[in-house]
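Comments concern the structure below.
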Amino acid sequence: MEGVSSPDPAPPTQPPPAVLSAAQAKRMRSSATGLLIAVAVTLAVIIPVLLLTPGQRAETYRPPVDVPAIAAQAAPGAGFPPVAAMPAGWSANYARLNAGSSTGVPNWEVGYVSGDQQFIALTQAAAKRANPTWIAQVTENAPVTSDRTVAGQRFELRDKAGTKSLVATIGGSTVILRGQASDDALSTLAGAVVADLTAAGTTSAVPTTAATAPAPGATP
């Protein structure tokens, strides 16, 4: 009928709030307590492991390099007795025979680390192959500044921007010791090298330290 409106619908009835029984509430509390205990036990196991595991640090332990053993293996193909010296308290982080494919001079290389963490690189080649160009390359064209006698052996001293090189021809091989190390560290390693090559049966054949370039116009 016109002018008559229908009554508003009744509002929806809200469901009554859920009421947990005492047993249900106890079970929920027990589950929550068990979860917390499980998390605590897991953390108790993981945290000590994380604390005891060393991170990525420069001083991470590395197995020692057995220079004498590697030198013995390299000797047959080297053409000279590779230096196997190891001063007391020192270590090496590499020892290898380099084929010298880029320079034409096969050589023996050892990376020495002193007890106080000073690094010195040893490079050794047959004296007949260690030409002046190769020596200049290894020493990065460092100029000759003086000479030094260690354990009765005369070494040529080269210095460039604080990087020093001791160069000597000992018996049938030329040895170069190079690094930004102290004079004492260089002398310690040089003495050990001389003793090692002497024990190997090589002696200094000439008083000069290394092959030098001929003067202009000189007759070879």
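Just so it is clear, none of the values below were taken in a lab; they were calculated from the coordinates. Nothing here was measured: the structure is a model prediction, and the numbers come from that model. Cβ atoms come from the backbone with ideal geometry, glycine included; neighbour counts cover every protein chain shown.
Using Cα-Cα distances under 8 Å and only pairs 6 or more residues apart, what relative contact order does region 54-183 have, in percent?
Relative contact order of region 54-183: 18 percent.
Using the Karplus equation 6.51 cos²θ - 1.76 cosθ + 1.60 (θ = phi - 60°), what ³J(HN,Hα) coupling, rounded to whole Hz, does each residue of region 104-110 give in order, writing x for Gly and Pro?
Rounded to whole hertz, the list is x, 10, x, 8, 9, 10, 9.
For the ranges 129-135, 186-192, what's the packing order if you count other beta-carbon atoms within 10 Å of each residue, average per peptide, and put the highest first?
Numbers: 129-135: 18.6, 186-192: 21.1.
Output ranking for 129-135, 186-192: 186-192, 129-135.
In nm, give the distance between the simple-model label positions of A75 and D159, each being 7 Å from the Cα along the Cα-to-Cβ direction.
The two pseudo-label positions are separated by 3.7 nm.
What is the extension gain from N93 to S31, computed as 0.36 nm multiplied by their sequence separation minus the C-alpha to C-alpha distance, in nm to one decimal? Write out the running numbers ahead of the final one.
Working: separation 62, 0.36 × 62 = 22.32 nm, distance 5.62 nm.
That works out to 16.7 nm of additional length.
If the chain between A40 and T198 were fully stretched, how many nm would it gain, using 0.36 nm times the residue separation less the Cα-Cα distance?
Taking 0.36 nm per residue and subtracting the Cα distance, the gain is 50.3 nm.
What list do you get for D116, D196 if you sort them by fewest beta carbons within 10 Å?
Details: D116 11, D196 21.
Least to most surrounded, the residues fall as D116, D196.
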